[in-house]
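The values are calculated or read from the model by the stated rules, or taken from the named source; none is laboratory data. Predicted model only: the values in this text are computed from it and were never measured. Cβ placement follows ideal geometry from the backbone for every residue including glycine, while neighbour counts extend to all protein chains displayed.
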Amino acid sequence: MIKRLWRDYIWPQKGKLFVAFLFMALLAAATAAYTFVVGYIVDEANKLTQGVDAASNAKKYAYAILPVLLGITALSGLSNYIQRILSNSIALNAVGKMQKQMFKSAHNRDYASFAREPTGNMISKFTNDVTVISNALIRTMSNLIAALLTVIFTIVAMLYQNWQLSLVMTVFLLAFWPIIAISQRMRGNAKDVQSHIGTITSELKESFTGARMVKAYGLEVNENKRLGKSFDERIRLFMKLVTEQARVDPILEILGGLAIAGVVIFGVYQVTNNTATAGSIGAVLTGLLILSPKLRALGTLNNVVQEGLAALTRIFDVIDEQPSIIERPDAMSLTDPEGHIVLTDAHFIYADGTIALNGVTLEAKPGETVALVGPSGGGKSTIINMIPRLYDVTSGHVTIDGIDVRDMTLESLRASMALVSQDVTLFNDSITANIGFGNRAASRDDIINAAKSADAHDFITALAKGYDTILGEDGAGLSGGQKQRLSIARAILRDAPILLLDEATSALDAESESKVQAALDRLSDGRTTIVIAHRLSTVQKADRIYVLDKGKIVESGTHKSLSKKRGGVYAKLRELQS
């Protein structure tokens with residue numbers, strides 16, 4: 001994963017990377033230079049106390065050392081500022097590219113994938129996981145390289161001034177194996193935490209979306225308990241992660257104390273034996289004081305890296321997911337479709353083994369309206385989903401104008417049809433943008449004409465800002481009938497030869513249904529229409545009605561012929577509804 005992260009997201013920004021690396025090296029060199037400065041100060045201070053003209057020597061000494069100190073601090077501050085800006089830019093650009101790839105891949109995935117994975121879990125990957133990897137990258141880019149270079153430069157400086165005394169640093173190697181073991185546990189813990197955040201996001205979405213039902217049934221206490229358990233589990237998982245993280249600092253703190261003690265003891269021995277100067281001892285101690293926080297920072301950074309790698313796993317899973325519904329290399333474009341739809345011996349089995357369709361054969365000729373009715377779970381929605389290839393048949397064929405839909409480009413196939421569903425999708429945007437979603441090239445006049453045809457123009461113009469009114473989430477503030485008429489206006493504007501109606505009027509009151517049905521009749525005129533309906537009154541004018549039950553067509557005919565069939569499924573449904 002690290003290799004892929006570097007190759008695909010970091011290295012393409014190599015120009016910025018080289019400049020950032022240069023300033024990181026300058027920062028590390030300036031920091032390591034403090035060991036030489038301290039050694040020089042200690043040795044020169046010792047000479048000053050022994051000189052005859054101490055005051056004059058002190059003045060010369062101050063003139064010499066002050067510019068050096070000021071130069072080092074200025075170089076350190078400037079280098080730190082520039083490298084942070086550049087490294088943060090590299091990290092944020094990498095995360096932005098990653099997020100765009102995730103979103104593209106998420107929309108390219110199979111429609112069935114959206115049904116399998118809770119929406120909240122996917123949202124969590126775009127929010128929480130991306131935030132985790134963003135923080136990890138920013139901290140790694142800003143701190144890891146700079147800290148490593150500082151450690152290397154400081155160790156070189158210490159070895160140069162007193163290599164024997166500097167060997168005491170090898171005590172830090174004792175921390176290697178414990179930290180590796182902690183890291184392995186932390187990555188698993190971090191992955192559990194991030195997965196559970198996805199679960200909480202899904203549960204919160206469910207609870208807030210169902211607020212009306214929760215209040216109507218007085219289930220607030222029940223919801224508090226249900227979500228409370230999830231919050232408690234989050235605390236438990238976080239505490240496991242924090243416990244592992246907390247073990248790193250004490251290990252490095254203890255080893256740092258041992259190193260300083262070793263330098264003091266061995267340094268005193270060297271000075272008393274005239275094998276080292278006090279300045280070199282001070283330089284090594286300064287080096288240890290520089291190294292200790294840097295090594296602790298690297299240990300802490302390891303915690304962040306492990307969390308980031310856990311998040312990166314989930315992010316790459318989204319990016320790498322391959323859809324099963326793809327275009328064939330030689331796919332043809334569907335041009336000037338007439339809309340002749342045929343299903344031949346179509347079977348469909350869901351991933352869990354559930355049989356949705358079992359040998360369905362039906363036909364919708366150009367310009368015809370074909371209705372699918374029957375008990376819930378009979379396979380009606382599956383048929384609607386197979387026509388635009390949201391699902392592919394397990395066996396059998398779905399053809400349009402004699403061409404199998406699997407031999408067509410997805411773009412041309414889906415451009416030939418419009419969908420009006422019971423569940424209206426409206427975006428938090430203007431009414432103009434929501435209607436224009438069906439045809440991005442449409443003019444404002446086209447949008448207004450579509451709204452008039454859908455019987456939506458009057459209620460739109462009655463709003464304070466008319467067509468420029470910004471709708472809330474899912475069209476908040478509009479009635480069910482108004483939302484559905486906007487959806488129909490969108491379909492009218494698309495002007496596609498094939499129309500798919502999925503229970504478009506089932507959730508409406510009588511008055512709204514009447515207006516919507518009139519708009520649908522105008523929309524269906526001259527188009528091949530496949531309509532799913534539970535209210536049989538809405539399909540009486542259909543050219544042909546197919547009755548589905550348990551994945552099979554059990555009856556077919558017109559409303560009149562099916563109504564006369566005594567004991568038939570359609571006749572029973574009609575009797576129940578009337």
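Tabulated values for the structure
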{"read-out": "Residues of the range 102-112 classified as surrounded by 15 or more Cβ atoms within 10 Å (Cβ to Cβ) and assigned to a helix (DSSP H, G or I), total", "value": "4"}
{"read-out": "Number of the condition not met by N385 [criteria: (1) touching an Asp or Glu at 6+ places or on another chain (Cβ under 8 Å); (2) more than 30 Å from D192 (Cα to Cα); (3) among the polar types (S, T, N, Q)]", "value": "(1)"}
{"read-out": "Residues within the range 432-466 that are hydroxyl-bearing (S, T, Y) and closer than 24 Å to Q517 by Cβ, tallied", "value": "2"}
{"read-out": "Residues of the range 470-488 satisfying the condition of being touching a Ser or Thr at 6+ places or on another chain (Cβ under 7 Å) and either without any contact (Cβ under 8 Å) to a residue 24 or more places away in the chain or buried (at least 17 other Cβ atoms within 10 Å of the Cβ) (or both)", "value": "G480, G481"}
{"read-out": "Helices (runs of 4 or more DSSP H) within the range 481-578 that include 2 or more residues in the same structural domain as D345 (by TED's automatic domain parsing) and of a type in the set (A, V, I, L, M, F, W, C)", "value": "510-524, 569-577"}
{"read-out": "Unique residue being touching a Leu at 6+ places or on another chain (Cβ under 8 Å), in contact (Cβ under 8 Å) with a residue 12 or more places away in the chain and under 22 Å from R494 (Cα atoms) when the list is V373, V393, V398, V424", "value": "V424"}
{"read-out": "Qualifying residue in the range 461-471 (condition: assigned to a helix (DSSP H, G or I) and over 36 Å from the mean Cα position of the chain (by Cα))", "value": "yes"}
{"read-out": "Unmet criterion (only one of (1) over 17 Å from I341 (Cβ atoms); (2) buried (at least 16 other Cβ atoms within 10 Å of the Cβ)) for R444", "value": "(2)"}
{"read-out": "Residues being at pLDDT below 90 and exposed (fewer than 15 other Cβ atoms within 10 Å of the Cβ) - total across the range 376-395", "value": "2"}
{"read-out": "Which numbered condition F348 fails, given (1) within 37 Å of the chain's Cα centre (by Cα); (2) surrounded by fewer than 21 Cβ atoms within 10 Å (Cβ to Cβ)", "value": "(2)"}
{"read-out": "Those residues of the range 5-60 which are more than 20 Å from A146 (Cα to Cα), surrounded by 13 or more Cβ atoms within 10 Å (Cβ to Cβ) and at pLDDT 90 or above, in sequence order", "value": "D8, P12"}
{"read-out": "Complete set of residues in the range 127-160 that are touching a Phe, Trp or Tyr at 6+ places or on another chain (Cβ under 9 Å), under 18 Å from V37 (Cβ atoms) and of a type in the set (A, V, I, L, M)", "value": "A157"}
{"read-out": "Close pairs from the range 306-317: first of a type in the set (V, I, T), partner assigned to a helix (DSSP H, G or I), Cβ under 8 Å, at least 6 apart", "value": "T313/K191; I315/M98; I315/M102; I315/K125; I315/D129; I315/V130; I315/I133"}
